[in-house]
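The values are calculated or read from the model by the stated rules, or taken from the named source; none is laboratory data. The structure displayed is predicted, hence computed values, not measured ones. Here the Cβ positions follow ideal geometry from the backbone for every residue, glycine too, while neighbour counts run over all protein chains shown. These area figures cover heavy atoms from the full protein model, side chains too; ligands, DNA and RNA do not enter into them. Shrake-Rupley method; radii C 1.70, N 1.55, O 1.52, S 1.80 Å.
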Amino acid sequence: MPVISIFDLAALLLTLSALFGWLNHRFLRLPHTIGLLVMGLLASLALVGLDLAFPEQHLYEDLTKILRQVDFTDVVMNGMLAFLLFAGAMSLDLRALRDRAGAVATLALVGTLISTAIVGGAFWAAAQAIGLPVPLAWALVFGSLISPTDPVAVLATLKNVKVPEALEVEMQGEALFNDGIGIVLFTVLVAFAAGSGGEATSAGGVARLLLQEAGGGLVLGVATGYVAYRAMRAIDDFPVEVLITLALVAGTYALAQKLHFSGPLAVVAAGLLVGDRAPRDAMSEETQGYVSSLWTLIDEVLNSVLFLLIGLEVLVLRFEAAGLVLAACAIPIVLAARLAAVSTPLLAFRWGGNLSARNVPFLTWAGVRGGISVALALSVPESDAKPAILAATYAVVLFTIVVQGSTLGMVARRTLKDVPERDAA
């Protein structure tokens, strides 16, 4: 099959997204993004079945060749992620986030570290029991890529669930910030596992990397966001102001990568600043309408394509039987680690009244993973452990999005029922 162009790939993905979205809305009636993932997964399994029944047609092989032209890691990490994070940050109430800053920081940093350690240790023990070649160092790599909640998946899930405002802000803030922490941790652990860590894996090296990546990203995002805000304040022309927001996202993310800063944290910081200050004194009502509509549309379209790709990715990934057993074990391991990660901050904040034990079951079940985890797993260097890591990552992502995402509303009604809003987070 000849190599198809980027336009043809985009046309195929958008057409499938529209078709599966219509079929889901008409028949399955699942939440939009979950429905697209399920439809993509069902289509993948159907093609596998057809290929087994009619091998001479080469349906599976032809579509697999097309999908292999899509670099999932590059598409997510260097394409969709910046725009999706900015859209999410723009809609977050910065003042409410400030009130929850301590809880968000603890969940994003301490929670991620705790979860990484627990998942890594338990995953390694499970692999040894099954007889798979997964060293402890690579098990910790899996822990680092699966521990952060995915901001795209969490924000998409929260659209279909009503929770108290304070708790929602906490979840959004955690999801927007912990992926930056997780990516830094993933980078360090991969270097250590691959034997190329050197100074980067020492305590001082980790601290410097964290300061450079996370601190540099936040400072850069605040700086570029402020420049964009002042530029928008100086004019009143909605086409130019819309272009400024687009340029802000693309330019900030690209510059962060050149400077070896955290691109995700940079665009989150820029989005929070512009989303808080620009509507107050830099944008007219007309401009606010256009900017809000644009970023809502970008969020919906990119989310649709991303979740469809996750469902179709099963055609490209190859799983072994023993790896599937370990993948099944990974699901309860990740859930248990999430429980520990959200319970520990509760102890730290218990005297401040900022967290409630009533919300631990909901926060545990709301730890949805998504495309970022899959993208990081695909970027893991080739090793004997990579097939097991890929299978486990995919299993956890599917379970959290399909099972946890579709039942989160029910869990919220049962665990958050009659909880006063001041105690809701």
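Roughly how big is region 170-312's charge dipole about its Cα centre, with Cβ charges of +1 (Lys, Arg) and -1 (Asp, Glu), in debye to the nearest 20?
Details: 6 positive and 14 negative charges, 107 e Å.
Computed charge dipole of region 170-312: roughly 520 debye.
Return the distance in nm (one decimal) between the two label points of a simple spin-label model at Lys65 and Leu297, each offset 7 Å from Cα along Cα→Cβ.
Those two pseudo-labels are separated by 3.6 nm.
Report the accessible area of His25, computed with a 1.4 Å probe over the heavy atoms of all protein chains in place, in Å² rounded to the nearest 10.
130
Whole Å is fine, so just give me how far the alpha carbon centre of region 226-243 lies from that of region 53-124.
Spelled out, the Cα-based centre of one part sits 30 Å from the other.
Given region 72-205 reduced to its alpha-carbon atoms as identical point scatterers, what log10 I(q)/I(0) does the Debye formula return at q = 0.10, 0.12, 0.15 Å⁻¹?
-0.39, -0.56, -0.82
Could you give the dipole magnitude of region 72-415 about its Cα centre, charging the beta-carbon of Lys and Arg +1 and that of Asp and Glu -1, in debye to the nearest 20?
820
Among Arg414, Arg233, what's the order by accessible area (1.4 angstrom probe), most exposed first?
On the way: Arg414 185, Arg233 115 Å².
So the residues, ranked largest to smallest area, are Arg414, Arg233.
Which Rg and Dmax, in Å, describe the Cα atoms of region 72-415?
Rg, Dmax (Cα atoms, Å): 19.7, 65.
Ignoring ligands, DNA and RNA, what accessible area per residue does the chain give at 1.4 Å, in Å²?
43
By average Cβ neighbour count within 10 Å, what is the ranking of 61-68, 117-124 from highest down? Working shown, then result.
Numbers: 61-68: 15.2, 117-124: 21.6.
Listed from highest to lowest mean packing, they are 117-124, 61-68.
At a threshold of 8 angstrom on Cα-Cα distance, excluding pairs fewer than six apart, so keeping six or more, what relative contact order does region 72-415 reach in percent?
Numbers: 499 pairs, mean separation 99.2, N = 344.
29 percent.
Of Leu41, Leu109, Leu23, which is the most mobile in a GNM of the chain whose springs link Cα atoms less than 10 angstrom apart?
Checking each option, the largest mean-square fluctuation is seen for Leu23.
Show me the ranking of peptides 218-231, 4-17, 80-93, 297-310 by mean Cβ neighbours inside 10 Å, starting with the highest.
Ranked by mean Cβ neighbours within 10 Å, highest first: 80-93, 297-310, 218-231, 4-17.
Do the sum for the chain: with -39,500 (n - 2.57) for every DSSP H run of n ≥ 4, divided by all residues, what is the mean residue ellipticity at 222 nm, to the nearest 500 deg cm²/dmol?
On the way: 21 runs with 304 residues, N = 425.
Helices in the chain give a 222 nm mean residue ellipticity of -23000 deg cm²/dmol.
Considering only Val267, Gly370, Ser406, whose Cα is most displaced toward the positive end of the charge dipole of the chain, charges sitting on Cβ of Lys, Arg (+1) and Asp, Glu (-1)?
The Cα lying farthest towards the positive end belongs to Ser406.
Given the options Ala231, Ala122, Val396, identify the residue whose Cα lies farthest towards the positive end of the charge dipole of the chain (+1 on Cβ of Lys, Arg; -1 on Cβ of Asp, Glu).
Most positive-ward Cα: Ala122.
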